[in-house]
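Let me begin by presenting the structure, written as structure tokens, before commenting on it.
The values are calculated or read from the model by the stated rules, or taken from the named source; none is laboratory data. Note that the coordinates shown come from a computational prediction; the quantities given were computed from them, not determined experimentally. Cβ: placed from backbone, ideal geometry, glycine included. Neighbour counts: every protein chain shown. Note: accessible area is taken over every heavy atom of the protein model, side chains too, but ligands, DNA and RNA are not part of it. Shrake-Rupley method; radii C 1.70, N 1.55, O 1.52, S 1.80 Å.
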Amino acid sequence: LVVSITLIFVFGAGKGGSAVLGPKVAGAPSEAPNAPTGQVAGSPLSVANLTKLAEAAGADTGKFSRCLSTDKYASAVQADFDEGTNAGVRGTPGFFINGSVVSGAQPFQNFASVIDRELINPTAPLVNVGDAPSLGDSNAPVTIIEFSDYECPFCKKFFMETFPSIKSGYIDTGK
């Protein structure tokens, strides 16, 4: 048995969209940090900071800036946000392990108990991952979907403290 994980990242205090779909970041800081694709003033993810990072990485900054200034992905971003909200995401990080909801940066043991229960008796997923890239076997009986915010300290805590154990204990071993 294998566990698959799909990560859906959201911007701006729990609103935004999917990194999978190439999120659009607004051209200027938003007055309302909860607005989809909005930014909080002074954010490390401001357009200016992102452009500096793109330039340092050798990206074509003209193409990069044009990508950020369009609404090409706005409907996909909103659809991801709406799907998470409709399924019960009320903050980040928010997780769906098949049909089970796990809220917050819980310790590994909390995730392991839900994953183990789902491996024995899988429930139907609450969120459709479609063709989103995933880590692990796409036909796994257990799928973990994370709604996360790039600037959320609790999302970072999960990624640094809990995710490595999920990856090594389930995904990498094919358990």
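Assorted remarks:
- Residue selected from region 64-103 under the condition touching a Pro at 6+ places or on another chain (Cβ under 7 Å) and not hydroxyl-bearing (S, T, Y), by the criterion surrounded by the fewest Cβ atoms within 10 Å (Cβ to Cβ): G99
- Pair list, Cβ < 6 Å and 6+ apart or interchain, from region 158-175 residues that are farther than 16 Å from Q109 by Cβ to residues that are open to solvent by less than 60 Å² (accessible area, probe 1.4 Å) and not small (G, A, S): I171/V3; G174/V2
- Condition met for S138 (small (G, A, S) and modelled with pLDDT of 85 or more): no
- Pairs linking a residue in region 96-124 that is farther than 22 Å from G84 by Cβ to a residue that is crowded, with 16+ Cβ neighbours inside 10 Å, with Cβ atoms under 8 Å and 6 or more positions apart or on different chains, are P107/T162; F108/T162; F108/I166; A112/I166; R117/S100; L119/V3; L119/V142.
- The residues of region 117-134 that are open to solvent by 50 Å² or more (accessible area, probe 1.4 Å) and in contact with a Phe, Trp or Tyr (Cβ under 9 Å, 6 or more places away or on another chain), listed by number, are P125, L126.
- A28, sole failed condition from (1) at pLDDT below 80; (2) within 16 Å of the chain's Cα centre (by Cα): (2)
- Residues in region 141-169 that are surrounded by 16 or more Cβ atoms within 10 Å (Cβ to Cβ), touching a helix residue (DSSP H, G or I) at 6+ places or on another chain (Cβ under 7 Å) and modelled with pLDDT of 90 or more: T162, I166.
- Those helices (runs of 4 or more DSSP H) of region 59-170 in which at least 3 residues are closer than 27 Å to P44 by Cβ, considering only elements entirely within it, cover 61-68, 74-87, 153-157, 163-166.
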